[in-house]
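Contents: one structure, followed by commentary.
The values are calculated or read from the model by the stated rules, or taken from the named source; none is laboratory data. All values reported here derive from a predicted model rather than from experimental measurement. Here Cβ is always computed from backbone atoms with ideal geometry, including for glycine, and neighbour counts include all displayed protein chains.
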Amino acid sequence: MNAHSEEMQDKIRHFIATETSRRRTERLSDDAPLLDEIDSLDVQALVLFLESEFEISVDEMDVTVENFSSVARVAELVRTKREMASPSR
């Protein structure tokens, strides 16, 4: 994982730790089952955060168990959305 990906995952992890109803205080690992930790309202808040922080658009079709199964999967969704939005060279 490169430094940019690590920073992205840290931002996502920080949002989950500080802005959701997650009750545990230990660090959330990249591959921990995220949907065991947050509820549907937290997912909505996370989507709004991702759109604002990373300047992407998360469609309703993107909000799936697979895409939100872990911090690593959320970061992968963000990377994919950013690549899709980048002008081709």
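Observations on the model:
- Filtered residues of the stretch 51-89 (kept if loosely packed, with under 11 Cβ neighbours inside 10 Å, among the acidic types (Asp, Glu) and part of a helix (DSSP H, G or I)): Glu60, Glu83
- Inter-residue pairs, beta-carbon under 6 Å, first without any contact (Cβ under 8 Å) to a residue 40 or more places away in the chain and in the stretch 9-23, second in a helix (DSSP H, G or I) and surrounded by 15 or more Cβ atoms within 10 Å (Cβ to Cβ), 6+ apart: Phe15/Phe49; Thr20/Asp42; Ser21/Asp42; Arg22/Ile16
- Counting only residues that are hydrophobic (A, V, I, L, M, F, W, C) and modelled with pLDDT of 90 or more, the stretch 18-32 holds 1 of them.
- Restricting attention to the stretch 51-62, the residues that are in contact with an Asp or Glu (Cβ under 9 Å, 6 or more places away or on another chain) and either at pLDDT below 95 or more than 19 Å from Thr20 (Cα to Cα) (or both) total 1.
- Residue in the stretch 33-50 that is surrounded by 13 or more Cβ atoms within 10 Å (Cβ to Cβ), modelled with pLDDT under 90, over 18 Å from Thr64 (Cα atoms) and not polar (S, T, N, Q) present: no
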